[in-house]
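Okay, structure first, notes after.
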Amino acid sequence: MRIVYRLGLITTLLLAWPALAQGPVFPTTGQGLYEVGCAKCHGDDGAGVDLATVGFDEPLPDFTDCAFASREPDPDWIAVSHEGGPVRAFSRTMPAFGGAFTVEQLQLIMDHIRGYCTDDRWPRGELNLPRALVTEKAFPEDEAVYTASVNANNGGGVVNAIIYEKRFGPRSMWEVEIPFGARELSAENGWGNVGFGDIAVAIKHTMHHSVEAGNILSVGTEVKLPTGSEEQGRGNGVTVVEPFVAFGQALPGDGFLQAFAGVELSTDSDKRAHQAIARIVVGDTWTQGEFGRAWSPMVEVLSAVPLEDSAEVLWDVVPQIQVALNTRQHVLLNLGVRVPLNGERRSTQILMSVLWDWFDGGLFDGW
Ligand code: HEC
């Protein structure tokens, strides 16, 4: 009898021990942790409490707004929650919870916060893979990009472009690209032939996306108009319509793969042959420290083949590295070299892009 009684007591103590050791019972679910740590500012409904009820006037994000919440990936939100607002150049009013919660607990909170956006048509920011220099990505973007390409041989030449991309609806985007350039005529004559190239407009729509599977697939069409001077080598002289498919796959760790296939249909195939295009990008993202600056080395393999008899496939490789320039990480620089692997009189080019994700803040915000 006594032994049974003792065993019972010991079992009760053993079962109660974790709770006794921890003091008041601490929540273990994402929702419970959110209620303890976040709700007094972010609200039980995730929309942010009325500023009149708190002692600060910093506007609170609305986690129920899918147009905002869907595009921010968990790692960025965990960084802000762990280190406090300033780690991404946000306000100090957003406290650092690194001392109170583990990264695992913060992940549970993120899973809870994700439930506030109830419209799953919006592709998640995790699928917004780094932008390669040449290959169009699948994710619909709000961004402005400046690109430059400089011929390293075959006589100097510079082509710049301004690209503006704007999302509409949960899964669509339109884009306009305005190229302009100059060419070195000769050593004596210096630079000339300054002017616009072929202006392009495009639309893109996401057909499939899954943050669990880590992939996204979009289709689109680009129309290149003959606005550039053909004589001066800045234009095709014909309209080119390019239907395309773009695919992105997040890989284990922070790796990624992107693929693109398109057909460039020319309105005058005698002047410019139709062309089939296939491109692939593989890369990885490295973070300085646990929550710091992101570096993404990647390499593109580009192929193009004119759709005419006995045409050869032209191959290029583009090793490159992208780095976040500012603390908010919404202004990014990418530098690379496009190396032709075959074909005559094709110059190696130095390529550069500066990308500004304008939805995340002004160009001069967040440095
Ligand atoms: C004292 C009030 C307060 C508390 C408590 C608080 N936050 Fe915040 N949080 C803010 C403010 C204010 C901002 C907006 C900062 C800005 O925009 O500069 C913010 C911003 C954020 C953002 C950034 C959203 C973006 O713009 O990308 C995330 C994510 C976030 N909070 C998560 C949390 C989590 C998770 C918790 C609980 C663990 C929490 N917050 C607790 C005040 C708070």
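The values are calculated or read from the model by the stated rules, or taken from the named source; none is laboratory data. Just so you know, these numbers come straight off a predicted model, no measurement behind them. Cβ sites come from the backbone with ideal geometry, for glycine too, and all protein chains shown count toward neighbours.
Restricting attention to the stretch 308-336 and to residues that are of a type in the set (D, E, K, R) and farther than 24 Å from residue 77 by Cβ, the residue that is surrounded by the most Cβ atoms within 10 Å (Cβ to Cβ) turns out to be 316. Candidates 225, 302, 251: the one that is modelled with pLDDT of 95 or more and more than 23 Å from the chain's Cα centre (by Cα) is 225.
Does residue 145 satisfy being outside any loop (DSSP other than H, G, I, E, B), surrounded by 20 or more Cβ atoms within 10 Å (Cβ to Cβ) and hydrophobic (A, V, I, L, M, F, W, C)? It would help to see each step written out before you state the result.
Details: outside any loop (DSSP other than H, G, I, E, B): yes; surrounded by 20 or more Cβ atoms within 10 Å (Cβ to Cβ): yes; hydrophobic (A, V, I, L, M, F, W, C): yes.
Yes, satisfied.
Conditions tested, residue by residue: (1) crowded, with 19+ Cβ neighbours inside 10 Å; (2) more than 19 Å from residue 111 (Cα to Cα); (3) of a type in the set (Val, Ile, Thr).
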{"residue": "36", "(1), (2), (3)": "no, no, yes"}
{"residue": "40", "(1), (2), (3)": "no, no, no"}
{"residue": "48", "(1), (2), (3)": "no, no, no"}
{"residue": "54", "(1), (2), (3)": "no, yes, yes"}
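Residues in the stretch 27-61 that are more than 10 Å from the ligand (Cβ to nearest atom) and of a type in the set (Ser, Thr, Tyr): 28, 29, 53. None of 307, 341, 351, 335 is touching a residue at least 24 places away in the same chain (Cβ under 8 Å) and closer than 18 Å to residue 147 by Cα except 351. Which of the residues spanning the stretch 107-125 are of a type in the set (D, E, K, R) and more than 14 Å from the ligand (Cβ to nearest atom)? Selection gives 119, 120, 121.
For the stretch 209-230, the count of residues that are in contact (Cβ under 8 Å) with a residue 40 or more places away in the chain, surrounded by fewer than 19 Cβ atoms within 10 Å (Cβ to Cβ), of a type outside the set (A, V, I, L, M, F, W, C) and touching a Gly at 6+ places or on another chain (Cβ under 8 Å) is nonzero.
When restricted to residues that are part of a helix (DSSP H, G or I), near the ligand (Cβ under 10 Å from one of its atoms) and surrounded by fewer than 17 Cβ atoms within 10 Å (Cβ to Cβ), the stretch 62-106 contains 3.
Checking the structure you have, find out if any residue of the stretch 272-285 is under 19 Å from the mean Cα position of the chain (by Cα), part of a loop (DSSP other than H, G, I, E, B) and modelled with pLDDT of 95 or more. Yes, some residue in the stretch 272-285 is under 19 Å from the mean Cα position of the chain (by Cα), part of a loop (DSSP other than H, G, I, E, B) and modelled with pLDDT of 95 or more. Determine, yes or no, whether residue 131 is within 20 Å of the chain's Cα centre (by Cα) and basic (Lys, Arg). It is true that residue 131 is within 20 Å of the chain's Cα centre (by Cα) and basic (Lys, Arg). Among the numbered conditions (1) touching a helix residue (DSSP H, G or I) at 6+ places or on another chain (Cβ under 9 Å); (2) of a type in the set (A, V, I, L, M); (3) farther than 29 Å from residue 139 by Cβ, the only one that residue 51 does not meet is (1). Only a single criterion out of (1) touching a residue at least 40 places away in the same chain (Cβ under 8 Å); (2) within 24 Å of residue 78 (Cβ to Cβ) is not satisfied by residue 234, namely (2).
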